[in-house]
Amino acid sequence: MRHTSFSKLGGLINNAVGGNKRSQAGNGDIQWCFSQVKGTLDDDVTEADIISCVEFNHDGELLATGDKGGRVVIFQRDPSSKAALPRRGEYNVYSTFQSHEPEFDYLKSLEIEEKINKIRWLKRKNPAHFLLSTNDKTIKLWKVSERDKKVEGYNTRSENGGRVDPSSVHSLRVPVIKPMELMVEASPRRIFANAHTYHINSISVNSDQETYLSADDLRINLWNLEITDQSFNIVDIKPTNMEELTEVITAAEFHPVECNLFVYSSSKGTIRLCDMRASALCDRHAKLFEEPEDPTNRSFFSEIISSISDVKLSNSGRYMISRDYMSVKVWDLHMETKPIETYLVHEYLRSKLCSLYENDCIFDKFECCWNGNDTAIMTGSYNNFFRMFDRATKREITLEASREIAKPKTILKPRKVCGSGKRKKDEISVDSLDFNKKILHTAWHPTENIIAVAATNNLFLFQDKF
């Protein structure tokens, strides 16, 4: 056998709220159409250009992406597209900056990639925007601000910025403020480093907007946004003897309303809800969410595919979704014993698990997201397919982000995959799926039916068709 189960764990270590009634009903009757695609549509893709995270800010006016080259690109909603009738969801590049650089840990002889693992926006308090970005080891707080005015007429500074000898100044001038071409500046305000031994997989800003958590494979730390030289360890699952390691932390998130609550998921398929009021170290969870395994479905791959790759609390704070390799589950925070809803993402791959194991696709970490009013869920799959599930009608749809539909207002046609047997006219055979094309990162606008889907080095934007 090529991997032991421990080496598998070792691998782990290393809207819907819009104006019309149809939109508010969820996702079932919505027709999605192409809006924009960002990035080149060439076949030649450089590793650094592959998108590694996508995140709307709290009002959906900005959309940030991070890539494997350590860059953050921020897109801003086009004001004319917002005011247009019918309304359009179009975004233009607002700011691009290098967030992280590759580093080398000389003590551990370890290369630290510049890849952006997660981006999280802070709620806006002044004209500037703030966001957190992280690679495997270092978290940075960025301030993104606009400048459209400049000051001229200094007394002790020349027009080119050089210093003037004060003794040569014989009269006083009052500096004046003049308009200038809009400039967007991104500056690092805080750098939070040296707190994680393992790779950071999650960051989450607390509802109090003063603290945030960062999680790696074995620990979760709590930070104050104003303090960079110390953090508080709130979860530590590292065993005394690493030979006894049986699970790792895969994702963590704060509750959207209750600032004392957070959840974290594990490679064993469990989700723990912790209350920071109970004790300083949350080594005992308040609730454990786990679905007992059906013995009839037990297989060699059961342990691997039950690992949870993402967990997201609903906007209301009542529910959460978890994504494992084959499904998305909806949990009620009041009921730990089993999920209230289970949606199968790509059940036709169950017969292909052996080959997916061989090519390491079985370890892909798919994310999931809610729409603005928690009525629909979106997650990705292979062949650049992404799936949507309407919670009210239980309708589900498979759509594709491809260059063939990259024409304005092209309506997305539902795609169907046939597992085995005779293939119908519009179906795609499971054997012809491209496993190198995968939708790992998706985001849904917080108040409208606009979605962002990262397909390798391209960012696709889709919206509902009125």
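The values are calculated or read from the model by the stated rules, or taken from the named source; none is laboratory data. Nothing here was measured: the structure is a model prediction, and the numbers come from that model. We place every Cβ from the backbone using ideal geometry, glycine too, and count neighbours over all the protein chains shown. All accessible areas refer to the heavy atoms of the entire protein, side chains included, with ligands and DNA or RNA removed. Shrake-Rupley method; radii C 1.70, N 1.55, O 1.52, S 1.80 Å.
Based on what the data block shows, is Phe262 open to solvent by less than 50 Å² (accessible area, probe 1.4 Å) and under 20 Å from Gln209 (Cα atoms)?
The answer is yes for Phe262.
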The residue that is most open to solvent (accessible area, probe 1.4 Å), considering only those in the stretch 149-165 that are among the charged types (D, E, K, R) and assigned to a strand (DSSP E or B), is Arg163
Counting only helices (runs of 4 or more DSSP H) entirely within the stretch 1-88, those with at least 1 residues that are buried (at least 18 other Cβ atoms within 10 Å of the Cβ) and modelled with pLDDT under 80 are 5-13, 21-24
Residues in the stretch 166-193 that are open to solvent by 80 Å² or more (accessible area, probe 1.4 Å) and either touching a Phe, Trp or Tyr at 6+ places or on another chain (Cβ under 8 Å) or of a type in the set (Val, Ile, Thr) (or both) total 5
Note: among Leu333, Leu412, Leu399, just one is open to solvent by less than 20 Å² (accessible area, probe 1.4 Å) and touching a helix residue (DSSP H, G or I) at 6+ places or on another chain (Cβ under 7 Å), namely Leu412
In the stretch 428-466, anything under 15 Å from Asp67 (Cβ atoms) and assigned to a loop (DSSP other than H, G, I, E, B) is listed as Leu440, Thr456, Asn457
Determine whether Thr379 is out of contact with any helix residue (DSSP H, G or I) (no Cβ under 9 Å at 6 or more places or on another chain), polar (S, T, N, Q) and either over 24 Å from Cys53 (Cβ atoms) or open to solvent by less than 10 Å² (accessible area, probe 1.4 Å) (or both).
yes
Lys365 vs (1) in contact with a Ser or Thr (Cβ under 7 Å, 6 or more places away or on another chain); (2) assigned to a helix (DSSP H, G or I); (3) under 19 Å from Lys437 (Cβ atoms): all pass except (2)
Condition first: touching a strand residue (DSSP E or B) at 6+ places or on another chain (Cβ under 9 Å), on the phi > 0 side of the Ramachandran plot and assigned to a loop (DSSP other than H, G, I, E, B). Can you find one or more residues in the stretch 325-337 that meet it? no
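One line per residue, one yes/no per condition, for (1) under 30 Å from Leu122 (Cβ atoms); (2) modelled with pLDDT of 95 or more; (3) touching a strand residue (DSSP E or B) at 6+ places or on another chain (Cβ under 7 Å); (4) open to solvent by less than 50 Å² (accessible area, probe 1.4 Å):
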residue	(1), (2), (3), (4)
Val257	yes, yes, no, no
Ala278	yes, no, no, no
Leu281	yes, no, yes, no
Phe301	no, no, no, yes
*asked:* Residues that are out of contact with any Lys or Arg (no Cβ under 8 Å at 6 or more places or on another chain), among the acidic types (Asp, Glu) and at pLDDT 95 or above: does the stretch 326-347 have at least one?
replied: no
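If I ask for residues that are modelled with pLDDT of 95 or more, surrounded by fewer than 16 Cβ atoms within 10 Å (Cβ to Cβ) and part of a loop (DSSP other than H, G, I, E, B), which ones from the stretch 217-229 would you list?
Glu226, Ile227
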Matching residues in the stretch 231-257 (under 14 Å from Leu213 (Cα atoms) and more than 19 Å from the chain's Cα centre (by Cα)) number 6
Filter the stretch 431-450 for residues that are more than 13 Å from the chain's Cα centre (by Cα) and hydrophobic (A, V, I, L, M, F, W, C); the one that is most open to solvent (accessible area, probe 1.4 Å) is Phe435
The one condition Ser307 fails out of (1) buried (at least 21 other Cβ atoms within 10 Å of the Cβ); (2) polar (S, T, N, Q); (3) part of a strand (DSSP E or B) is (3)
Taking the stretch 89-114 and keeping only residues that are of a type in the set (A, V, I, L, M, F, W, C) and outside any strand (DSSP E or B), one is left with Leu107
- For Ser207, state whether it is over 29 Å from Asp310 (Cβ atoms) and not in a strand (DSSP E or B). no
Taking first residues from the stretch 390-405 that are within 30 Å of Asn457 (Cα to Cα) and second residues anywhere that are assigned to a loop (DSSP other than H, G, I, E, B) and open to solvent by 40 Å² or more (accessible area, probe 1.4 Å), the pairs with Cβ under 7 Å that are 6 or more apart or on different chains are Ile397/Pro414; Thr398/Pro414; Thr398/Arg415; Leu399/Pro414; Leu399/Arg415; Glu400/Arg415; Arg403/Leu41
Quick count over the stretch 386-427, residues being more than 16 Å from Trp32 (Cβ to Cβ), in a loop (DSSP other than H, G, I, E, B) and touching a strand residue (DSSP E or B) at 6+ places or on another chain (Cβ under 8 Å), is 4
Residues in the stretch 116-134: is at least one part of a strand (DSSP E or B) and open to solvent by 70 Å² or more (accessible area, probe 1.4 Å)?
-> no
